Every structure is written in structure tokens, then in C-alpha cells.
Amino acid sequence: MTTALNLFNRFLDDDFFLSSYNKDRSYSFNVDIAEKGDDCIITGDLPGVKKEDLNIELKDNILTISAKKEVSKENVDTYYRTERSYGKYSRSFRLVNGILEKDISASYINGVVRIEIRGGNKSTTKKIEVRGA
């Protein structure tokens with residue numbers, strides 16, 4: 001029996017927001033997705049990433065945010081623990097049809113990327129005619 005919670009979890013796992021660990025060995029990062037009128041706003045945390053190491057692409061209605069963070073280790077004899085993360089990070093989001101590059105703006109301030117997608121919440125509903133007797 002499928003519960004509403006299971007359906008909701010499957011929706012989130014389905015990743016309208018694709019995979020959290022990608023085949024190219026990149027890791028996910030946390031995002032918030034919000035709406036403001038017909039616009040969609042994606043805000044993501046990428047602390048320690050340099051702006052020049054952040055890449056945002058739109059291809060075939062898929063918006064991909066990727067970044068890399070280089071390891072920054074000091075010249076010491078031995079590390080007893082390393083908890084800071086580094087490597088490649090990536091998240092992808094399927095957008096509604098018709099979103100163009102000119103509809104998207106992005107900023108990156110203090111380790112937070114903010115992407116605004118104008119018209120990102122617009123969807124069209126089409127009536128399907130039912131035929132029969």
C-alpha cells in the first residue's frame with residue numbers, strides 16, 4: 001500500500017532535481033527552491049568555492065549548477081582528522097519548457113548562489129477532449 005508520505009518521498013527522490021551523487025564523481029549540495037509569483041528562485045550553499053570555480057548551464061531545459069573546491073591543506077607532518085570537504089559539486093533541475101538563458105539571472109555572494117528564473121513556475125494546462133458515445 002502506497003501512503004501519501006511514500007508518494008511525497010518518491011517525488012523528492014525522483015529528482016525533478018536529478019541525482020545527488022553523479023556519475024562524474026561530483027557531490028550534491030543543499031538548495032532551497034521557492035516561488036515568487038511566476039518566478040522560481042533557487043538558493044544554494046557553496047561555502048569556500050571561488051566565483052570563478054562556479055558554473056551554471058542551461059541545456060535542453062536542464063539547469064545545472066556545478067562547482068569545484070580545491071583542497072587547502074597546510075604543510076604539516078600528520079593530519080589526525082580532516083572534516084572539511086572539497087571536490088566537485090553539482091545539482092541539476094528540470095525546468096518548464098520555454099525557459100531561455102535570458103530568463104535566468106544568477107548571483108554569488110558569501111558562498112551562496114542565488115538563481116532567479118523568470119517564468120519558471122508557469123505551466124500550461126491543456127484540455128483533452130474525451131470522445132465516445
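The values are calculated or read from the model by the stated rules, or taken from the named source; none is laboratory data. Keep in mind that what you see is a predicted model, and the values were worked out from it rather than measured. Cβ placement follows ideal geometry from the backbone for every residue including glycine, while neighbour counts extend to all protein chains displayed.
Quick notes
- Among residues of the range 94-114 being among the β-branched types (Val, Ile, Thr) and over 13 Å from residue 50 (Cα atoms), the one that is surrounded by the fewest Cβ atoms within 10 Å (Cβ to Cβ) is 96.
- Flag for residue 29 being of a type outside the set (Asp, Glu), surrounded by 15 or more Cβ atoms within 10 Å (Cβ to Cβ) and modelled with pLDDT of 50 or more: yes
- Looking across the range 62-93, the residues that are over 16 Å from residue 48 (Cα atoms) and modelled with pLDDT of 90 or more come down to 62, 63, 64, 91, 92, 93.
- Among residues of the range 115-133 being more than 12 Å from residue 58 (Cβ to Cβ) and surrounded by 12 or more Cβ atoms within 10 Å (Cβ to Cβ), the one that is modelled with the highest pLDDT is 116.
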